Amino acid sequence: MFYREAGQYKTTYAADMAIFPIRQDRFGVALILFVAFVIIPAFGGPFFLNTMMIPFLILSLAGIGLNLLTGYTDLLSLGTGAFMGVGAYACYKLETAFPQVNILVWIVTSGFVSAAVGVAFGLPSLRIKGFYLAVATLAAQFFLEWCFSRVPWLVNDNDSGAIEVPNATLFGVFVTGPNATPTTRYLVALTIVAALAWIASNIVHGRIGRMWMAVRDMDIAAQLIGIRLLNAKLLAFAVSSFIVGVAGALMVFLWLGAAEPAAFNIDLSFEILFIVIIGGLGSIVGAFFGATVMHLMPIALRALPPMVGLPIEAARVDQLTTMITGILIVVFLIAEPHGLARLWRTAKQKLRVWPFPY
Amino acid sequence: MDLLHAVFVDPVAQMISAPDLLAQTVWEGFVAGVLYALIALGFVLIYKASGVFNFAQGIMMVFAALTLVGLAEKGVPAWIALGLTIAVMYGLAVGVERLVLRPLVNQPDIILLMATLGVTYFLIGFGELVFGGNPKSMITKELFLPSGAINLALFGGRVQLQKLDIAAAAIAIVMVAGLAVFFQKTRIGRALRAVADDHQAALSVGVSLDQIWVIVWFTAGVVALATGIFWGARSDVSFALQVVSLKALPVLILGGLTSVPGAIVGGLIIGVGEKLGEFYWGPLLGGGIESWLAYIIALVFLLFRPQGLFGEKIIERI
C-alpha cells in the first residue's frame, strides 16, 4: 500500500537509471543513514559498537569487495583474507613511516597497494578458470601470509611479529589507536563504508559493471562482442582488491587495534566468501545481509545459553556455535541458494502488488 | 652474480656432493607425496561422480581418525573400532547425501562448494564436542603397523627409511590398484564411471544417482580413514591435520580435477618438489616456504596446461 511507485514519472534517462529509482527507497535509505549516523552513535554503548557494529561494517565492506570479483565477474577467489592483510600491513607501514600525514589518506593509499598486489595475482585468471582459479588464488593466500610472518620489515622489526596501531588524529580527534573512542571509530568506519558502497554501487550500475556481468555470464561471448577480457578481469581484481584492502586496513586500525599474521588466514577468506554467498552473489546490499548473518549469528548463539539459564561451559559453547553455524549455512543454502538479497527482492515485489498476489 | 650462484649453482653442488642426503630428501618427499595423493584421491572420486568440490575431505580424514582413536580409548578392540569407524563413515555418507546433496541437486558448483564448507564447520564442532580438542596419538601398535626404521647404505652414506612410511606407500598402492579394479571390473564401478561421464545419460539408463553418491562418499570416507591413520601415525591426531588437506588442492589442480592417475602423479610431483625446494632453496628465503611452494609449482604447470596434467580438455562453445 505504501510501497508503490504509481505517479512517480521518470522524465530523463538519468532518473530511470538512478540507483534508487523509487521515492520510497530513497526515503528508506535516508532513514537508514540517519539511524546509522545519528541514533546508533548517540545511544549505542561501547560494547555494542565495538563487538557488533564496527566488525559488521568492516566485514560488509570486504563482502562488497569480494562480491565485485566473485558475484559480478565470476572469478572465484579464496585469497580475500590475504588481500585484507596487504591493506592492513601497507597502512601500518605508511602510517608509521609518515605519521604526520592524515590517516584517511593512508587508508585509501593502502587500498591502492592491495589493488596492485591483486592485479599481480589476478594475471593467471586469463588462462585458468573455475575451481582451478580458486586454488590458484590460494597461492596468493599462503604466499602473502608467509610474507607477513617472515619479512620483519613489514612489522618494523617488531619482536612480537604483530602490528600495533599507533595513535593518529583527524582534525584533533583521536581516530585510531588506544586513545580513540568507539564512537569516533564507528563514525569513521561508517563514513568510509558508506562512501565505498556508494561508489561500488555506481560502478556496477554503469558500463564497467555491465562489462563484468557479460564476462560472468560467458567470457567467450563477451570477448566476441568486443570486451577485452584482459582489461575486464584485471580491473575486477584491482577494484575488488582495493575495497578488500581498505577493509583490511579498517579492520586493524578501527576494530582490532593490533593484528598477527594469523588474523588474515584462510578462515577469514572463507568467512568473507560465506558473507557473499549467503547475502547473495551479485548484490551490494547482499553483503550487508550476509555480514549480519555471519557476524551477528555466532554472537547471538553465544549469548543464548546464559540468557535462558543453561549452565554450559565456554568451550562447549564455542563447539556448539561452530556446529550450528555449519548447519545453518547448509540450511540457508538449501532454503535460498540465491542468497538473502533474492529474498529481499521477492519481499519488495510482494509489497508492491499487495493486497493482490501478483 | 652471487644471487645467481646461490639460486642455480649452489643447491646443485650440494645435491651432487651429498647424494645420500638427496636420496633421503627425495624419499621423504615421495612419502609425503603419496599421502597428498591419497587425500587428492578422495577429492577426485567425489568430483568425478557428483561434480562437487568437496572441501570436507580434509575434515573427513581428521574425523575418521578421531573416531577410530576415540573408540579405541574407550576400550573397544582395535579391529572392532576400525569396523565401527567404517560404519560411521557410511552413516556420514548417507547423511550428507540425504541432507545436503539431494536438496541442492542442480545448483551451481559454488553453492555445493559452500555446502561442503558448512559440512566442514559442522564436523569440526561435532568432533570437538564428542572427542575433545586435545591431540591424540594413533593406535599404531594395535593396528599392527610397523615402527622403527631401516638404514640403507647408499652412495657412501646412509638413508633412513621409516617402516611406517613404507607401509603407507604400500597400502596406498594397494588401495589405488583396488580402486582401479573396482572402477573397471565391477558393476558398481561401471555405474560410477557412467555417472562421472554424464549424469543425465546415466539416469536414463537406470543408474540410481542417489545410490551412486552414497557409494562415492563412502569410498571417499574409507580413503579418508586410511589417510587419517597414516597422517595420524606420523604426527598426532588433531584438527591441525586439516591444514594438510589444503596441500592436496595444488596436487588436485596439477593432476587435473577429474583424473585418478593425475592425483597420484600430481601428489608425487608436489611432494618431492616441495621437500627439495624447502631443503635446498628454502634457506635462501628464510625457510617455511613449504606452505606456498606447492601452489606456485601447481600454478606454473597450470599456465601451460589450464586443465591440469591429466584433466579432460576443456572445450568451450558459444
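Quick one: in the range B:299-315, which of the residues that are at the interface with chain A (Cβ under 7 Å from one of its Cβ atoms) and at pLDDT 80 or above is surrounded by the fewest Cβ atoms within 10 Å (Cβ to Cβ)? Filtering first and then ranking leaves B:Leu303. Note on the range A:283-304: residues that are in contact (Cβ under 8 Å) with a residue 60 or more places away in the chain and either within 14 Å of another protein chain (Cβ to nearest Cβ) or under 30 Å from A:His205 (Cα atoms) (or both) amount to 11. Tell me, please, whether a residue that is part of a helix (DSSP H, G or I), among the small types (Gly, Ala, Ser) and more than 19 Å from A:Val239 (Cβ to Cβ) can be found in the range A:101-122. No, because not a single residue in the range A:101-122 is part of a helix (DSSP H, G or I), among the small types (Gly, Ala, Ser) and more than 19 Å from A:Val239 (Cβ to Cβ). Just a yes or no: is a residue in the range B:284-291 farther than 19 Å from A:Leu138 by Cα, without any contact (Cβ under 8 Å) to a residue 24 or more places away in the chain, of a type outside the set (D, E, K, R) and part of a helix (DSSP H, G or I)? Yes, that holds for at least one residue.
Residue-wise test of (1) within 30 Å of B:Ala40 (Cα to Cα); (2) at pLDDT 85 or above; (3) facing chain B (nearest Cβ under 8 Å).
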position	(1), (2), (3)
A:Lys129	yes, no, yes
A:Ala140	yes, yes, no
A:Val155	no, no, no
A:Pro166	no, no, no
A:Phe174	no, no, no
A:Asn179	no, no, no
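Within the range B:206-222, if we keep just the residues that are assigned to a helix (DSSP H, G or I) and small (Gly, Ala, Ser), the residue that is nearest to B:Ala196 (Cα to Cα) turns out to be B:Ala220. Taking the range B:101-140 only, how many residues are of a type in the set (D, E, K, R) and in a loop (DSSP other than H, G, I, E, B)? Of the residues in that region, 1 qualify. Inspection of the range B:239-246 identifies no residue that is within 11 Å of chain A (Cβ to nearest Cβ), surrounded by fewer than 19 Cβ atoms within 10 Å (Cβ to Cβ) and on the phi > 0 side of the Ramachandran plot. Between A:Gly245, A:Gly257, the distinction of being touching a residue at least 12 places away in the same chain (Cβ under 8 Å) and either within 14 Å of another protein chain (Cβ to nearest Cβ) or under 12 Å from the mean Cα position of the chain (by Cα) (or both) belongs to A:Gly245 only. Condition test on B:Gly273, is it more than 17 Å from B:Ile59 (Cα to Cα) and within 13 Å of chain A (Cβ to nearest Cβ)? So B:Gly273 fails the test. Out of A:Leu234, A:Leu190, A:Leu230, one residue alone is part of a helix (DSSP H, G or I), at pLDDT below 95 and surrounded by fewer than 18 Cβ atoms within 10 Å (Cβ to Cβ). It is A:Leu230.
Surrounded by fewer than 24 Cβ atoms within 10 Å (Cβ to Cβ) and more than 25 Å from A:Ile208 (Cβ to Cβ) - does that describe any residue in the range A:111-131? Yes; the residues of the range A:111-131 include at least one that is surrounded by fewer than 24 Cβ atoms within 10 Å (Cβ to Cβ) and more than 25 Å from A:Ile208 (Cβ to Cβ). Within the range B:122-139, one or more residues are surrounded by fewer than 17 Cβ atoms within 10 Å (Cβ to Cβ), more than 20 Å from the chain's Cα centre (by Cα) and at pLDDT 80 or above. Residues that are in a helix (DSSP H, G or I) and either over 24 Å from A:Val175 (Cα atoms) or acidic (Asp, Glu) (or both) do not occur anywhere in the range A:244-259.
If you go through the range B:80-111 and keep only what is within 10 Å of chain A (Cβ to nearest Cβ) and within 20 Å of the chain's Cα centre (by Cα), you end up with just B:Val96. All conditions in (1) within 14 Å of chain B (Cβ to nearest Cβ); (2) assigned to a helix (DSSP H, G or I) hold for A:Met307, with the sole exception of (1). Taking the range A:321-347 as the range and being at pLDDT below 85, outside any loop (DSSP other than H, G, I, E, B) and not hydrophobic (A, V, I, L, M, F, W, C) as the test, the residues that pass are A:Thr321, A:Thr322, A:Thr325.
Residues in the range A:161-174 include at least one that is assigned to a loop (DSSP other than H, G, I, E, B) and more than 26 Å from A:Phe37 (Cα to Cα). Filtering the range A:305-358 to residues that are touching a residue at least 40 places away in the same chain (Cβ under 8 Å) and under 23 Å from the mean Cα position of the chain (by Cα) leaves A:Ile329, A:Phe332, A:Leu333, A:His338, A:Gly339, A:Leu340, A:Ala341, A:Arg342, A:Trp344. For B:Phe230, the criteria (1) at pLDDT 85 or above; (2) under 23 Å from B:Val260 (Cα atoms) hold in every case but one, which is (1).
The values are calculated or read from the model by the stated rules, or taken from the named source; none is laboratory data. Just so it is clear, the model here is predicted, and its values are computed rather than measured. Ideal geometry is used to build each Cβ from the backbone, glycine not excepted, and the neighbour counts take in all protein chains shown.
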